Amino acid sequence: MDETLITLSAGLCPACFSQLDGSGLCPRCRAATPVPGGAGINEPPCLPARTVVGSRYIIGSAIDRNGDGVTYFAFDAVRRVRCRLREFYPEKTASRRADNTTVEFAPDKAEICEDCRERFVSLWLRLKECASLSSVITVYDLVLDHGTVCAVYEDVPERTLRDYLLGSGAGVLTWERASALFMPVLETLKSLHAAGVIHRGISPSTLLVGSDGRIKLTGFSITQVRTASGELDAELFAGYSAIEQYDPSYRQGPWTDIYAFAAVLYRALTGSQPIDAPTRAVNDKLMIPARFAEQLPAYVINALINALQILPSERTGSVEQFRAELTASPAAVEAMPESITIEPEPPAEDPVKIFRPGSEIVASASVSPETPVAPPAPDPPPPPKNGWKIALAVILAALIVGGVAFAFFWIRSGKAGGDETTTAAETTTVRQTTIPNFVGWEYSALTEQAWPEMLDLQVSTLPSATVKAGVVISQSVPEGTVVDYGTSVFLVVSSGPEKTTMPDVTGMTYNDAESYLTKMNLRVEKSTKYNDGSQIGGTVAETLPAPGEEIEIGQTVTVVVWDEAETTTEPETETTTEAETETETAPVETLAPLTVIDEDDDPETSSAPATEEYEPEDDG
């Protein structure tokens, strides 16, 4: 059976299951094709390549491993697609038998292993229920095999946020670009918390950027791996893990993820990795460089400060609160705490007087003691005779000089295009406008008005099943805020229903296909097709739309299933003997339908805890 399944992956790289090209090179591994059979791809304690899990999934190369398991490239022989498989293998308390596949747990650690295993199952079952979230990996299946449990999920992009930032040239993002990238992830995080899932490992290494520019959250592990005092080997991310993950005297919860998310956002906006939490707890010197502080909205800085507080009791406690602060009006910014400061830039060699409307003078010109002081002007002489003529000439001369001076300064400031320097003596008229409620507007209609001339509109799109394409879903600056002309306003515009690709479910049983498509938020209707006996009854013959076609989430798809083959006896036209008529027709043997066991019904799986606990004292 296993060998039959493995033949389905013929022509694919045995390490990552990418299609091989004619040169014998794998375009994904970028190396010579591994030897047939997968020998030498994985080293112990990882599963050998070509191991079959759950009579369905073929193991490829190991991608990474930490305290609770190993992640592999895998191939789904039923759907005939690449995927990834996460095996529960706590290396600190587990080993493999002589067959190099079956997992054994240390007898003296049996209670700890069972608790961790249950938490692993609970975590991945929760993630499986969150398949509709756009910014998290889609979990397909949980399988019990080889003495352990494995989670199967989609093949995700391999470009981490860290690599994305390093490859962006400047190494940093503007707030407008960061908003478009991170806000959907923040919404997903809110839904995960509602489902009882806390990540505890958000970092530039666990956020992956797809070719469509969207971020996917991956790298999930159980609590014991993300706590320094856990029973398993800990995996913490310096600069992004919160103090409560180092010190068990503090409670963990949604605020733990908010700290990590804010730290990632800080890294993306400033280009600097945050100081690790234990160091900050002793001597907090986390600063926001002034050159970035000047470019960021004050309310964004305030939101980061609140979310990066060391003590959980002083930190932003929920995603809702954090999102509200990230989109708050600048007028509502509160006083910043002293735990994070603005790092001043070095003073200029020749400071000049700078005046900003509504503020005090922030720098003034220095006067050297050696600067000569002009003597006082002498008293004016008495007016001469015929003074009215002289006065008239003086007035005319003054008007001429004033006109020339005005023209000179007007040309210099309005036509020459040079830099402007505003002093306290100058008066500047700042044009302002009041932000309306853009939500619900057609963006195309909005651009036909004067708003693009008054505001710097930054637009990103987001799929929506309830808002039609082209309509504004949200705005970064609240309605009623008075802003200067040219202020940046970030708008999220609906791109219509989210789209996906119709998967290939041919060959699956109808029940399995229906379950799989339903979890993709597709509606399923069944149709049957005549079976002449050459096909397996009850399995999927085809789908409408066909595999690979683009479809909308929520769309109805038709699954065409082979009828059960009927055994019929043709009427005899020739005369037969009585003995021949008594001879029974041998039954036609048909192949049993290929079925996939639903692991949710497994008694061991169903014993998983209902939720992922927030409190470390409840984590065992």
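Filter 499/526; 468/529; 128/468; 190/519; 109/285 down to the pairs with a C-alpha to C-alpha distance above 31 Å, please. If you can, show how the numbers build up before the last one.
Numbers: 499/526 22 Å; 468/529 37 Å; 128/468 28 Å; 190/519 20 Å; 109/285 42 Å.
From 499/526; 468/529; 128/468; 190/519; 109/285, over 31 Å: 468/529; 109/285.
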Can you tell me the length gained on complete extension of the stretch residue 461 to residue 534, counting 0.36 nm per residue apart and subtracting the Cα distance?
21.4 nm
Provide the net charge surrounding residue 555, with neighbours chosen by a C-beta distance below 13 Å and charges set as Lys +1, Arg +1, Asp -1, Glu -1.
-3
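So, R0 is 22 Å and r is the distance between the beta-carbons of residue 272 and residue 174; what FRET efficiency does that work out to, to 0.05?
Details: r = 16 Å, r/R0 = 0.73.
After rounding, the FRET efficiency stands at 0.85.
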With every protein chain left in place, what is the accessible area of residue 275 in Å² (1.4 Å probe, nearest 10)?
50
Segment residue 134-residue 191, length gained on full extension (0.36 nm per residue, minus Cα span):
19.4 nm
What list of ³J(HN,Hα) couplings, whole Hz, do you get for the range 249-263 from phi and the Karplus terms 6.51, -1.76, 1.60, once you set θ to phi - 60° and write x for glycine and proline?
6, 9, 6, 9, x, x, 4, 5, 5, 5, 4, 5, 4, 5, 5
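Determine the sum of side-chain charges near residue 65: Lys and Arg each +1, Asp and Glu each -1, restricted to other residues whose C-beta is under 14 angstrom from that of residue 65.
Details: positive: 84, 86, 92, 96; negative: 43, 64, 68, 87, 91, 233, 235.
Around residue 65, the surrounding residues sum to -3.
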Share of carbon and sulfur in the accessible heavy-atom surface of the range 41-84 [1.4 Å probe, %]
42
Within the range 493-527, the residues whose backbone N lies under 13 Å from a label point placed 7 Å from the Cα of residue 469 along the Cα-to-Cβ direction are 494-500
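Assuming R0 = 51 Å, what is the FRET efficiency of residue 99 and residue 285, from their Cβ-Cβ distance, to the nearest 0.05? Each step should come with its number before you reach the end.
Numbers: r = 54 Å, r/R0 = 1.06.
Step by step, r from the Cβ atoms, then E = 0.40.
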Round to the nearest 0.05 the FRET efficiency obtained for residue 251 and residue 92 when R0 = 35 Å and r is the Cβ-Cβ distance.
0.90
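Roughly how many percent of the accessible protein surface of the range 188-248 is carbon and sulfur, given a 1.4 Å probe and a whole-percent answer? If you can, show how the numbers build up before the last one.
Numbers: 840 of 1700 Å².
Roughly 49 percent of what the probe reaches on the range 188-248 is carbon or sulfur.
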Testing the spin-label approximation: label points 7 Å from Cα along Cα→Cβ at residue 106 and residue 433. State their distance in nm.
6.7
Computed label-point distance, nm, for sites residue 10 and residue 28 using a 7 Å Cα→Cβ extension:
2.1
Report the gain in length on full extension from residue 546 to residue 114: 0.36 nm times residue separation, minus Cα-Cα distance, nm rounded to one decimal.
151.2 nm
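The values are calculated or read from the model by the stated rules, or taken from the named source; none is laboratory data. Bear in mind the structure is a predicted one, so any value in this text is a computation, not a measurement. No Cβ is skipped: glycine too gets one built from the backbone with ideal geometry, and neighbour counts run over all protein chains shown. Accessible surface areas use protein heavy atoms only, side chains included; no ligands, DNA or RNA. Shrake-Rupley method; radii C 1.70, N 1.55, O 1.52, S 1.80 Å.
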